[in-house]
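To start, the structure itself, in structure tokens.
The values are calculated or read from the model by the stated rules, or taken from the named source; none is laboratory data. The structure presented is a predicted model; accordingly, all values stated were derived computationally and were not measured. Heads up, the Cβs are rebuilt from the backbone with ideal geometry, glycines too, and the neighbour counts pull from every protein chain shown.
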Amino acid sequence: MRIARELAQKLDHEPSAEEIAERLDKPVDDVSRMLRLNERISSVDTPIGGDSDKALLDVLSDDNDSGPEGTIQANNMKESIVKWLFELNAKQREVLARRFGLLGYESETLEEVEGCNHCKSVSLLCSSTAYFRNSSIALCAAFSSHNR
């Protein structure tokens, strides 16, 4: 690196890897590798630009962020699911909530939901989902007739 600084002063520009390699009598690949090791590393919290208060992290996009419209849609969906759950009887609501991790429950297997009574859980789950299927068909029919 000392040679690179000396050459920069002598040549009035940043020396290339070839110029440094020639001066050191080393292969260009070796010099290039050494220069890459010395590249400046910046933190994502470091302000970008001269007088900007924004950090690099503030301007990078998050591929997992769905934006405000995705957040609103997810919230609306959660509200609708909770509303539909309360149209079921208490046992059906509990089975669905425990099976799919809703209403504050952790997601559980059917065996965990009803202990060893797997058949009863399946029956409650099927009757609950059938209710929602019929409700959604009726809702779609009502919506389409309303928009004609």
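Some notes on this structure:
- In the range 23-141, counting only helices (runs of 4 or more DSSP H) that sit wholly within it, the ones holding 1 or more residues that are modelled with pLDDT under 75 span 56-59, 110-114.
- Hits in the range 95-114 (condition: over 22 Å from Ala74 (Cα atoms), touching a residue at least 12 places away in the same chain (Cβ under 8 Å) and not aliphatic (A, V, I, L, M)): Glu112, Glu114
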